[in-house]
Every structure is written in structure tokens, then in C-alpha cells.
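Here the structure is laid out as C-alpha cells; the discussion comes afterwards.
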Amino acid sequence: MADDIRRTRHLRELEELFAPDYDAGNMPSPDKRSAYALEHIAYRMGKLDQKLSEVLIALASLATAPR
């Protein structure tokens, strides 16, 4: 159950726009900041790929539909 909550929270954070709010006194290491940014980019690219697949399926069905 705790894993489900953690996963839900993580997905909700990824759904938001990427806007890190680090302050100068509490800045994570560059590796952690880069990893977070890359994870966010990968999530967004996956969503884009998913949407493009849906568009391609719709176009293919239009192309094969009888006129």
C-alpha cells in the first residue's frame, strides 16, 4: 500500500510542469538535479509517444475506412 501511495505521488509530481524550487541553502547535488530533470523528460517523452501512437492509429483507421 505504501508503494502505491508513493507511486501515485510520484506520478502526480511528474504530471506537473518541471519547475524545481531549490533554494541556495538546500540545493541537491548536481547529479540528483540532473537525474530528476532526466526522469521528468523521459516521462514527458513517453506521454508524447503514447499520444502520437493514438494519432497514428486514428489516421490509419481513417485511411482504411470505406468512402
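For the pair ALA35 and GLU54, label points projected 7 Å from Cα toward Cβ lie 3.2 nm apart.
With Cα atoms defining each centre, the stretch 3-43 and the stretch 53-67 are spaced 37 Å apart in the structure. Once Cα Rg over 2.2 N^0.38 Å is calculated for the structure shown, the corresponding label among (i) 1.69; (ii) 1.35; (iii) 1.24 turns out to be (i).
Bear in mind these aren't lab numbers, they're just calculated from the coordinates by the rules spelled out. All of these numbers come straight from a predicted model, not from anything done at the bench. In this analysis, Cβ positions are derived from the backbone assuming ideal geometry, glycine residues included, and neighbour counts consider all displayed protein chains.
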